[in-house]
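These notes concern the structure reproduced below.
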Amino acid sequence: MGIVEASYLKINLFILLTWVILLLSINSQPLVPALIIFGDSVVDVGNNNHLETVVKSNFPPYGRDFINHSATGRFCNGKLASDLTGESLGFTSYPPPILSKEANGKNLLLGANFASAGSGYYDNTAKLYNTISLSKQLGYYKEYQKKLVGIAGKANATSIIDGSIYLVSSGSSDFVQNYYVNPLLYKVYTPDQFSHILIIAYSHFIQELYHLGARKIGVTTLPPIGCLPASITLFGEDSNECVTKMNLVAENFNKMLNATSQTLKSKLSGLNLVVLDIYHPLFDLIQKPTDYGFFEARKACCGTGLVETSFLCNKESPGTCKNASEYVFWDGFHPSEAANKILANDLLVDGISLVS
């Protein structure tokens with residue numbers, strides 16, 4: 001199939017999915033019982049607010065375009081791709097961060113968010129930043145299941161667990177915030193060897209999640225990590241272009257991720273495991289920003305847009321842009337809400353089988 005044909009197919013699938021969602025939304029019921037989210041800063045909605053860590057975003061200008069201009073702990077000016085995906089699935093509220101006071105009672109019936117910025121498949125990545133590792137997120141999920149039984153009863157809780165969509169977004173921090181800046185890693189392991197370590201951890205995590213009842217799991221690929229504004233600034237050797245060697249590592253990791261996911265599907269009966277491609281849609285945005293209505297893809301909106309994230313992106317940051325919708329990136333690591341809207345559309349198309 002050629003590129004043009006594939007593009008048309010994707011557009012048609014999106015139109016079809018949109019019509020299905022519109023028809024089903026007449027009943028004002030979400031398409032799935034709950035949305036359960038694991039991972040890093042791309043999907044963290046405020047868990048890090050409750051940790052002793054520098055990796056936080058619960059202050060301006062984060063959230064300036066979110067509901068009530070509120071800095072909730074999302075690493076964005078507005079909504080995350082996972083927020084927008086949840087809305088498209090019919091949810092009228094977002095799964096609460098598991099460490100928040102909102103994560104109780106009936107709020108848990110629609111899912112929960114266990115993600116923590118600065119975490120990864122490699123547990124030591126989270127330890128570096130005192131955030132919640134994936135294995136610890138899994139521990140919180142086990143506690144969530146017990147609470148769910150108490151709220152809904154065992155039969156209803158089992159139905160929710162079986163029918164929910166599980167979203168996993170991880171791996172970027174392992175490379176950009178650990179491997180490439182940590183001589184204890186890059187001097188010991190080649191990128192390929194480190195990728196294998198991460199894939200083993202990924203496989204173990206999915207199997208654990210499966211044995212806890214998850215059947216519909218979407219896992220995102222690595223993005224083009226060499227094109228993040230912070231990566232270009234730190235590792236680009238003044239080229240001002242995407243760091244090719246980092247993107248090649250991401251592409252290789254994504255191939256491993258796809259192959260391992262296929263193996264897991266054949267091994268685990270009834271598992272619907274879908275790899276959600278983030279790499280190519282974001283790379284396309286970065287390479288051809290004006291085609292999508294963006295003005296800037298190299299610098300991000302916050303501050304100078306080169307390395308700022310977390311505490312380096314704050315209300316005192318000089319030069320923060322006025323209109324984030326013109327920028328692919330909000331800060332040095334994370335897409336703007338405008339870019340997230342495009343990524344969310346691709347997530348829906350790639351994950352259409354998770355809805356059925």
* Structure fact -> Per the beta carbon screen (other Cys under 4.7 Å), unpartnered cysteines of the chain come out as Cys76
* Asked: Using the Karplus equation 6.51 cos²θ - 1.76 cosθ + 1.60 (θ = phi - 60°), what ³J(HN,Hα) coupling, rounded to whole Hz, does each residue of the stretch 253-266 give in order, writing x for Gly and Pro?
  -> 4, 5, 5, 4, 4, 5, 5, 5, 5, 5, 5, 5, 4, 6
* For the pair Ile352 and Glu52, how long in nm is the line joining their label points, each one 7 Å along Cα→Cβ? -> 5.0 nm
* Asked: Which FRET efficiency, nearest 0.05, do Ser159 and Lys341 yield, Cβ-Cβ r, R0 41 Å?
  -> 0.85
* For the stretch 211-223, what does the Karplus curve 6.51 cos²θ - 1.76 cosθ + 1.60, with θ = phi - 60°, yield as ³J(HN,Hα) per residue in whole Hz, taken in order and with x for Gly and Pro? -> 5, 8, x, 5, 10, 10, 10, x, 10, 7, 6, 5, x
* Using modelled backbone amide H atoms (1.01 Å from N, in-plane), which distant-in-sequence or interchain residues come within less than 5 Å of Ser57's amide H? -> none
* Asked: Over the chain, what is the relative contact order in whole percent, taking alpha-carbon pairs under 8 Å and six or more residues apart?
  -> 19 percent
* Structure fact -> Filtered hits (aspartates and glutamates, Cα-Cα < 12 Å from Lys127, offset >= 8 within chain) -> Glu52, Asp174
* Structure fact -> Once amide hydrogens are built 1.01 Å from N within the peptide plane, the residues lying 5 or more places from Leu276 or on another chain with amide H under 5 Å from its amide H are Val219, Thr220, Thr221
* Structure fact -> FRET efficiency for Ser135 and Ser70 from the Cβ-Cβ distance with R0 = 35 Å, rounded to 0.05, comes out at 0.70
* Placing +1 at every Lys and Arg Cβ and -1 at every Asp and Glu Cβ, with all other atoms neutral, what dipole size does the chain have around its Cα centre, in debye to the nearest 20? -> 1000 debye
* Asked: With each label point set 7 Å from Cα along the Cα-Cβ vector, what nm distance links Phe59 and Tyr292?
  -> 3.0 nm
* Asked: Which values, in whole Å and largest first, are the semi-axes of the equivalent ellipsoid of the stretch 136-194 obtained as the square root of 5 times each eigenvalue of the Cα gyration tensor?
  -> 39, 11, 8
* For Lys101, go through the lysines and keep the ones whose alpha-carbon is under 22 Å away, minus same-chain ones fewer than eight residues off. => Lys56, Lys79, Lys136, Lys142, Lys146, Lys147
* Treating only the Cβ atoms of Lys and Arg (+1) and Asp and Glu (-1) as charged, compute the dipole magnitude of the stretch 169-255 about its Cα centre; round to the nearest 20 debye. => 360 debye
* Structure fact -> Around Leu110 (Cβ within 14 Å, Cβ-to-Cβ, excluding Leu110; K/R +1, D/E -1) the net charge comes to -1
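All of the numbers you see were taken from the coordinates with simple rules; none came from a lab. Computed from a prediction, not measured in an experiment: that's the story for all the values here. Neighbour counts are summed over all protein chains in view; Cβ atoms, including those assigned to glycine, are modelled from backbone coordinates with ideal geometry.
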